[in-house]
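Before any comments, here is the structure.
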Amino acid sequence: MTDVPPLTLRRPRPTGALISLVAMIDVLLILLVFFMVTSTYLDLNMMPALAQDDETGTATQQTGTAQPVLVRIGADGRPAIRGKTLALADLDRLLRQRLTAEPTLSVVILPTGQARTQALVSVMDTATQAGAGNIRVIHLESRP
């Protein structure tokens, strides 16, 4: 009999452990959803506002000759000019009349602290659709 060497199978060495990114992506998506749900977007401080003078506490004036239109947004979300509450259609009509007389008219919007962001956006959209190009939002902060 002939001596036949035993058959030896060589298995390839296992490579390093693969790092699965699926679990990390799942965790990131859960964190993303968590931060989206717990964030609040109703803060009016996010809107760009006109800077106030530190000494006088008044907003800086525009360089135009016409008096700016001050639109106050009440807690109910309705705009008011000089104490008279207006509907958005009436505000649009008034701004169009003023803008035909003075095309560089400045519109200053002053929301109250209780006004919803949607009311501010609606007034800004109305002013933009009326043709106003210079729109500013003022947010007054209480001083101690």
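Would you be able to tell me the number of residues in region 70-108 that are touching a Gly at 6+ places or on another chain (Cβ under 7 Å) and either touching a residue at least 12 places away in the same chain (Cβ under 8 Å) or charged (D, E, K, R) (or both)?
Residues meeting the conditions: 4.
Identify, by number, the condition in (1) at pLDDT 90 or above; (2) part of a loop (DSSP other than H, G, I, E, B); (3) not polar (S, T, N, Q) that ARG143 doesn't meet.
Answer for ARG143: the failing condition is (1).
Out of region 102-133, which residues are in contact with a strand residue (DSSP E or B) (Cβ under 8 Å, 6 or more places away or on another chain), open to solvent by less than 50 Å² (accessible area, probe 1.4 Å) and within 15 Å of PRO68 (Cβ to Cβ)?
Residues satisfying the conditions are LEU105, SER106, VAL107, VAL108, ILE109, LEU110, VAL123, ALA127, ALA132.
Filter region 71-95 down to the residues that are open to solvent by 90 Å² or more (accessible area, probe 1.4 Å) and either farther than 14 Å from ALA127 by Cβ or under 26 Å from the mean Cα position of the chain (by Cα) (or both) and list them by number.
Passing the criteria: ARG72, ASP76, ARG78, ARG82, LYS84.
The values are calculated or read from the model by the stated rules, or taken from the named source; none is laboratory data. Just so it is clear, the model here is predicted, and its values are computed rather than measured. Positions of Cβ are generated from backbone atoms using ideal geometry, with glycine treated the same way; all protein chains shown enter the neighbour counts. SASA here: full protein model, heavy atoms, side chains in, ligands and nucleic acids out. Shrake-Rupley method; radii C 1.70, N 1.55, O 1.52, S 1.80 Å.
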